[in-house]
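The values are calculated or read from the model by the stated rules, or taken from the named source; none is laboratory data. None of these values were measured; they are calculated from a predicted model. Heads up, the Cβs are rebuilt from the backbone with ideal geometry, glycines too, and the neighbour counts pull from every protein chain shown. Areas reflect the complete protein model, heavy atoms only, side chains present, ligands, DNA and RNA absent. Shrake-Rupley method; radii C 1.70, N 1.55, O 1.52, S 1.80 Å.
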Amino acid sequence: FSTDPGAQLSRVMAETSQPDVKSIALAARRAVKSREGRSRGRRVYYFQGKRLVNFLLGSSAHGLGAVTTEADATKMAGRLLAGDTVSRAPFFVPAVKTTPASRDVEFPVLEPRAAAFASRDYYVWTLEEPQTWNRVLLVAVIVGILAAVMHPVWPLWLKLTVWWVSVVVLAVGIGFFVLRTTLFVALWLVGVDFWILPNVFDDDAESFAAMFWPLYSIQASARGQGWLRLGVVAALASVALWVYLNFDELVDFTRSPDAPADDPMEGVDVMDEMEAELEREEAQRRAQDAADDALDDL
């Protein structure tokens, strides 16, 4: 299975000698960059006609041989418009942003004009994406919730597995965050902004995969931050000097029995406790089997 829109379009053309409007529109929707907006109170995705034309021109190498010129691409886009896969936005009116993060635009409630496809106009996708994966994810969420609720009756080996996975994920996450922040601060002090996975914490990422691309970003820091850098260097130097001068006291404090926060799990080996619990369960099972055998003999 390929997620490349061009490969999907090539497969469609291989299966039929006539271009399938719905399949081409579906491939175009996944490839053409769209934005979110509202029309008649519902959320829609809109784009400018020239983006669709450019996609159709670029897709000629994938099997859409009839599209070789911009006029052919405009004609094919007109077929998509006539096939009710897209509809015209009569006017493009940006909405007043209520918050800095808002990207919504509001289309006026007007009936679309009956006109030919035009690259300069804006259009709204009316073709819905297949919901197969959404349904699969919904079932997975329900199963996951039920499994979490039934945690008390999990077998011991499953509890151990979840515990180890949780510890590893937490350690990797904390290590990644510390490394990412340390590298940024170290390079920022010399005038360079460097981030590992710059979009990993971006709430506005277009997709889950987009959060992990690009792998890194590097650029010159903004001007006018010299005094801020000097302040950070002075603060770090002060902390390091204080730790150096009071290192012995810090060590004694951590070893003191009067420390305010004692570890309740100190001296307790979690793995040993779990193995002991497993042995107790096994002993109980054997005793129950012996009792059952004795009753059978009677």
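Residues with beta-carbon under 11 Å from that of residue 52, excluding residue 52: net charge, scoring Lys, Arg +1 and Asp, Glu -1? Kindly include the intermediate steps, with their values, before the conclusion.
Working: positive: 29, 33, 50, 51; negative: 121.
With Lys, Arg at +1 and Asp, Glu at -1, the neighbours total +3.
What does the extension gain come out to for residue 54 and residue 240, with contour length at 0.36 nm per residue minus their alpha carbon separation?
61.2 nm
Suppose the chain between residue 197 and residue 285 were pulled fully straight at 0.36 nm per residue; how much longer would it get relative to their current alpha carbon spacing?
Working: separation 88, 0.36 × 88 = 31.68 nm, distance 5.12 nm.
That works out to 26.6 nm of additional length.
Summing +1 for each Lys or Arg and -1 for each Asp or Glu, what net charge is found among the other residues whose Cβ lies under 11 Å from the Cβ of residue 122? Kindly include the intermediate steps, with their values, before the conclusion.
Values: positive: 35, 50, 51, 88, 120; negative: 121.
So the surrounding residues net to +4.
R0 = 41 Å: FRET efficiency of residue 171 with residue 23, Cβ-based, nearest 0.05? Intermediate values should be presented prior to the final figure.
Numbers: r = 46 Å, r/R0 = 1.12.
With R0 = 41 Å, the Cβ-Cβ based efficiency is 0.35.
Would you work out what percent of the accessible area of segment 107-250, with all protein chains in place, is carbon or sulfur (probe 1.4 Å)? It would help to have the intermediate numbers written out before the result.
Numbers: 8110 of 11020 Å².
On segment 107-250, the fraction of accessible area on carbon and sulfur atoms equals 74 percent.
Taking 0.36 nm per residue of sequence separation and subtracting the Cα-Cα distance, how much length would be gained by fully extending the chain between residue 228 and residue 151, in nm to one decimal? Provide the component values of the computation, followed by the final result.
On the way: separation 77, 0.36 × 77 = 27.72 nm, distance 4.99 nm.
Length gained between residue 228 and residue 151: 22.7 nm.
Could you check the spin-label model distance between residue 70 and residue 205? Points 7 Å from the Cα along Cα→Cβ, value in nm.
Computed distance between label sites residue 70 and residue 205 equals 3.7 nm.
Over segment 139-261, average the accessible area per residue using a 1.4 Å probe and give it in Å², no decimals.
Numbers: 9740 Å² over 123 residues.
Result: 79 Å² of accessible area for each residue.
Note down the nm distance, to one decimal, between modelled labels 7 Å out along Cα→Cβ at residue 135 and at residue 40.
About 2.5 nm separates the two model spin labels.
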